[in-house]
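Enquirer: Mind having a look at this structure? Questions to follow.
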Amino acid sequence: MPIRRADALSDPVTFAVGDDESLSSIVGRLATETRSLATAEVAVYKAKFGETATAYKSAAMFFAIAGVLALAALIALLVGAILTVATLVGPGWATAIVVVAVLVMAGILAMIGKSKLQTKSEPVS
């Protein structure tokens with residue numbers, strides 16, 4: 001026997017749960033379903049995070065390999081510079097000249113980086 005709309009509006013609890021279900025069982029069912037929903041949501045977010053973490057891990061690996069190869073290229077460039085200058089002043093002085101030049105460039109870059117950090121950390125007036 002279908003429930004009429006007027007009956008449902010006059011007694012919504014009976015319409016929603018039926019006559020044989022008590023309030024304590026309704027609250028218990030609500031708690032169980034809420035717990036199940038929260039568990040399902042956590043599982044969804046874990047799955048999404050796992051996919052994202054895998055993608056970032058793969059990208060980080062390729063960046064690390066690229067960095068190692070770039071460092072190897074820089075070392076080869078410096079060896080070539082030493083060998084080129086060695087024809088003019090000898091191997092010892094050539095090594096010293098190239099090392100000092102690279103350290104000067106590193107110092108300049110470090111000072112530029114330090115100045116950028118100082119301007120960012122100063123409070124804005």
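Enquirer: Between PHE63 and VAL100, what length comes free when the chain is fully extended (0.36 nm per residue of separation minus the Cα-Cα distance, one decimal in nm)? Before the final figure, lay out the partial values.
Expert: Values: separation 37, 0.36 × 37 = 13.32 nm, distance 2.90 nm.
Contour length minus Cα-Cα distance gives 10.4 nm.
Enquirer: Could you check the simple spin-label distance between ALA86 and GLU21, using points 7 Å along Cα→Cβ, in nm with one decimal?
Expert: Taking the two extended label points, one gets 8.6 nm.
Enquirer: Using the Karplus curve 6.51 cos²θ - 1.76 cosθ + 1.60 with θ = phi - 60°, what ³J(HN,Hα) values do you get for each residue of the stretch 25-34, in whole Hz, with x for Gly and Pro?
Expert: My calculation for the stretch 25-34 gives 6, 5, 5, x, 5, 4, 4, 5, 5, 5 Hz in order.
Enquirer: Roughly speaking, what is the centre-to-centre gap between the stretch 35-53 and the stretch 57-119 when only Cα atoms are used, to the nearest Å?
Expert: Cα centroid of the stretch 35-53 versus Cα centroid of the stretch 57-119: 45 Å apart.
Enquirer: Turning to a different aspect of this structure: Using r as the Cβ-Cβ distance of ILE108 and ALA40, and R0 as 41 Å, what FRET efficiency do you calculate, to the nearest 0.05?
Expert: Calculated value: 0.15.
Enquirer: How many nm is it between the label spots at ALA70 and ALA47, if each spot is 7 Å from the Cα in line with the beta carbon?
Expert: Distance between the two pseudo-spin positions: 3.7 nm.
Enquirer: I need the shape label for the stretch 63-125. Rule: rounded when a/c is under 1.5, else prolate if a/b > b/c, else oblate, with a, b, c from the alpha carbon gyration tensor. Could the numbers behind the result be given before it?
Expert: Values: a/c = 6.20, a/b = 1.87, b/c = 3.32.
Oblate, since a/c reaches 1.5 and b/c is not below a/b.
No value in this document is a laboratory result; all are computed from the given coordinates. None of the values given here were measured: they were computed from a predicted structure. With ideal geometry, Cβ positions are generated from the backbone for all residues, glycine too; neighbour counts draw on all protein chains shown.
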